[in-house]
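Engineer: What follows is a structure written as structure tokens; I'll ask about it next.
Only the coordinates and a few stated rules stand behind these numbers; no lab work does. These numbers were taken from a predicted model, which means no experiment stands behind them. Virtual Cβ from ideal backbone geometry, glycine too; neighbours counted across all protein chains shown.
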């Protein structure tokens with residue numbers, strides 16, 4: 001949908017994203033076959049399928065937001081908002097809008113996946129922590145030795161971008177609880193910002209972190225749904 005703004009081909013997609021979408025689709029096909037059999041567990045499988053559909057929508061929104069944030073960031077050159085032309089300023093604020101949207105959705109998609117894993121693998125993570133995240137579920141998988149091959153793979157994905165995830169989480173928390181993340185760098189320029197100046201953060205570095213988080217989400221989804229599709233139990 002958003003790609004029309006940039007005249008991008010509809011099929012010009014990140015391969016890791018495409019693999020995640022295909023993996024979820026294959027698992028939904030397996031669920032569909034089980035649902036058609038009208039077994040006593042039909043309601044359970046239908047619930048899982050609804051969760052998968054929600055994940056697909058959330059992942060698409062994340063992918064489009066990451067792409068839009070990156071494309072708008074490429075149009076920003078100056079380091080202070082007051083020095084920008086009207087067009088460049090508009091691109092900057094559009095970048096910020098989609099960057100913050102993607103920032104929140106990185107963790108939203110992971111948490112949705114965590115709830116599905118908790119249900120499908122019967123992990124009972126809610127007994128450990130009533131409101132749990134994907135990372136709580138991952139710790140629970142490790143602690144109860146659930147699906148060790150999958151657990152090892154998911155831990156590797158998490159550890160491969162631990163530094164970037166920590167930065168993204170800090171920005172997400174700042175956006176939700178403290179101050180807009182695009183203003184965090186302003187704290188380094190207190191004197192200038194007393195006059196309502198806005199210093200532009202390093203957009204390329206911010207996008208590199210976001211891309212890394214997005215890739216981790218896609219790889220995690222692919223690993224989970226390939227594993228679930230090949231698993232005998234559902």
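Engineer: Using alpha carbons only, how many angstrom separate the centre of the range 37-65 from the centre of the range 69-125?
Structural biologist: The range 37-65 and the range 69-125 have Cα centres spaced 23 Å from each other.
Engineer: To continue, here is another question. Within a 10 angstrom radius of the beta carbon, how do 13, 34 rank from fewest other beta carbons to most? All intermediate terms of the calculation are to be shown ahead of the outcome.
Structural biologist: Numbers: 13 15, 34 18.
Neighbour counts put them in this order, fewest first: 13, 34.
Engineer: How far, in nm, would the chain grow between residue 133 and residue 90 when pulled straight, counting 0.36 nm per residue and subtracting the alpha carbon separation?
Structural biologist: Working: separation 43, 0.36 × 43 = 15.48 nm, distance 3.49 nm.
This chain segment gains 12.0 nm when fully extended.
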